[in-house]
Amino acid sequence: MKAHKCSNTYVAGAIIAFVIIVMACCVGFYSTSIIDTHEHIESIKKIPILLKADDEHKISTTILLPTPTETLTLNGDKSFTNYRENTDEIFKIVEAYPRRFIPFCTVNPLESDALQYVKHCIERGGKGLKLYNGHSYYYDIFDIPLDSPRMAPIYAFAEKNKIPVLYHINITKYIDELERVLQNYPELVVSVPHYMVSSINLDQVAYLLDKYPNLYTDVSFGSLEYMAAGFRRISKNPKKYEDFINTYSSRILFGTDMVLSDSEAKNFAFMNNTIECYKSLLEKRNFECDLVASYYKDRLNENELCYSQCKPIEGEFCKSLKKKIDVNKKRYLEVIELNGLHLHPVVLEQIYKNNPLRFLNANS
Ligand SMILES: [Zn+2]
């Protein structure tokens, strides 16, 4: 009787193990919760719906990056304002939800108390640093090279204290300056997000990852225009991006970069759909992403409306609109169904959790 029971247990155990292996290998099963390493938020008001969206998608922890008003509202002002107020707001959020959010700090490198401010923010509990001066928009405002002596004390402090830096840099434009920074501060841990703003130029991203072991990137693309273009680019050539991610699987971080301003448009549906789209891109072979499809459909509709009012119909402006409509149609058709990367669960675990923990220096 005993032996019989035991053999049943054995059989049941074997079946469960087999099911787990099949799920892990074939269904995209991964056991871990997810760390989102790249988010901006204007105020604590949006936190309950963000948490609802995060819970839907197993995101347990989110890094919050202090953000100037110009990035939150895209108001076009050539300035860098209210980042300290937004930092205070982030600390308020972390105090209210300490298990769910990790605060970073930021700084205006031109201010005379820049280093003091960074030190104070880290003492207050900041776990990393977000820098904006490599973003083309702010590069012009700050008007200093990435390897400027003004930045030196900030890099030195971050390197010495193992403070990770999330540094938005378009490497197609500023690679030489970035390389000088990485060579001068070899222990500095840096994530240059959005495939280093160069998903079109993966060879250059690979070159930097090969050369600098403390360098990371993330899978976010930024605002909808860039997200749509990035998803379309990957969908057209998924094997190339799958190979890239598999090769650099220990250096890629999950991030969504939804830039959650107080705007009505940044609602639960937007958050839920964005997270779903990014996860589907990584996990599935084929998927639909309504945000991306709608983006191209809206451009098509706008241009078709303009064309319908276009006079004289043979004029140059109307002809150029017709060409745009053809491009819009082609792009829309390309994104109705998208190709994803269908990454192995082990690689997903790295991107979702192991790499973010290492980036945050929480693994040691
Ligand atoms: Zn961002």
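Some points to look at:
- Residues within the stretch 29-72 that are under 23 Å from Tyr132 (Cα atoms) and within 18 Å of the chain's Cα centre (by Cα), tallied: 18
- The condition of being on the phi < 0 side of the Ramachandran plot and more than 16 Å from the ligand (Cβ to nearest atom) holds for only one of Glu70, Glu123, that being Glu123.
- Residue that is farthest from the chain's Cα centre (by Cα), among those in the stretch 191-231 that are in a helix (DSSP H, G or I), within 14 Å of the ligand (Cβ to nearest atom) and of a type in the set (Phe, Trp, Tyr): Tyr226
- Within the stretch 151-196, the residues that satisfy the criterion of being among the aliphatic types (A, V, I, L, M) and over 19 Å from Glu39 (Cα atoms) are Met151, Ala152, Ile154, Ala156, Ala158, Ile171, Ile175, Leu178, Val181, Leu182, Leu188.
- Test result for Tyr139, within 16 Å of the ligand (Cβ to nearest atom), of a type in the set (Ser, Thr, Tyr), buried (at least 19 other Cβ atoms within 10 Å of the Cβ) and closer than 25 Å to Glu85 by Cβ: yes
- Scanning the stretch 266-273 for any residue that is outside any loop (DSSP other than H, G, I, E, B), within 24 Å of the chain's Cα centre (by Cα), within 17 Å of Phe231 (Cβ to Cβ) and not assigned by TED's automatic domain parsing to the domain that holds Phe231 turns up nothing.
- Test: residue in the stretch 342-357 that is touching a Lys or Arg at 6+ places or on another chain (Cβ under 8 Å), modelled with pLDDT of 95 or more and closer than 21 Å to Phe231 by Cα: yes
- Taken together, the criteria place Arg150 among residues that are basic (Lys, Arg) and either within 20 Å of the chain's Cα centre (by Cα) or over 29 Å from Lys266 (Cα atoms) (or both).
- Test: residue in the stretch 250-264 that is out of contact with any helix residue (DSSP H, G or I) (no Cβ under 9 Å at 6 or more places or on another chain) and surrounded by fewer than 20 Cβ atoms within 10 Å (Cβ to Cβ): yes
- Cβ pairs under 8 Å, 6+ apart, first in the stretch 180-204 and among the charged types (D, E, K, R), second away from the ligand (no atom under 16 Å from the Cβ) and outside any loop (DSSP other than H, G, I, E, B): Glu187/Glu159
- Test: Tyr332 is part of a helix (DSSP H, G or I), among the hydroxyl-bearing types (Ser, Thr, Tyr) and closer than 28 Å to Ile63 by Cα: no
- Some residue of the stretch 82-94 being assigned by TED's automatic domain parsing to the domain that holds Val189, surrounded by 20 or more Cβ atoms within 10 Å (Cβ to Cβ), within 16 Å of the ligand (Cβ to nearest atom) and in contact (Cβ under 8 Å) with a residue 60 or more places away in the chain: no
- Out of Asp290, Asp257, one residue alone is on the phi > 0 side of the Ramachandran plot, modelled with pLDDT of 95 or more and within 19 Å of the chain's Cα centre (by Cα). It is Asp257.
- Condition check for Ile234: away from the ligand (no atom under 16 Å from the Cβ), in a helix (DSSP H, G or I) and under 14 Å from Ser198 (Cβ atoms): yes
- Candidates Ile34, Ile63, Ile49, filtered to the one that is under 24 Å from Pro164 (Cα atoms) and away from the ligand (no atom under 16 Å from the Cβ): Ile34
- Residues in the stretch 207-224 that are surrounded by 15 or more Cβ atoms within 10 Å (Cβ to Cβ), at negative phi and not charged (D, E, K, R): Leu208, Leu209, Tyr212, Asn214, Leu215, Tyr216, Thr217, Val219, Ser220, Phe221, Leu224.
- Members of the stretch 142-158 found to be outside any loop (DSSP other than H, G, I, E, B) and surrounded by fewer than 18 Cβ atoms within 10 Å (Cβ to Cβ), listed by number: Ala152, Pro153, Ala156, Phe157
- Just one of the numbered conditions (1) of a type outside the set (A, V, I, L, M); (2) away from the ligand (no atom under 16 Å from the Cβ); (3) at pLDDT 95 or above is not true of Cys306: (3).
- Number of positions in the stretch 274-329 that are outside any helix (DSSP H, G or I) and touching a His at 6+ places or on another chain (Cβ under 8 Å): 2
The values are calculated or read from the model by the stated rules, or taken from the named source; none is laboratory data. What you are looking at is a predicted structure, and each value in this text was computed from that prediction instead of being measured. We place every Cβ from the backbone using ideal geometry, glycine too, and count neighbours over all the protein chains shown.
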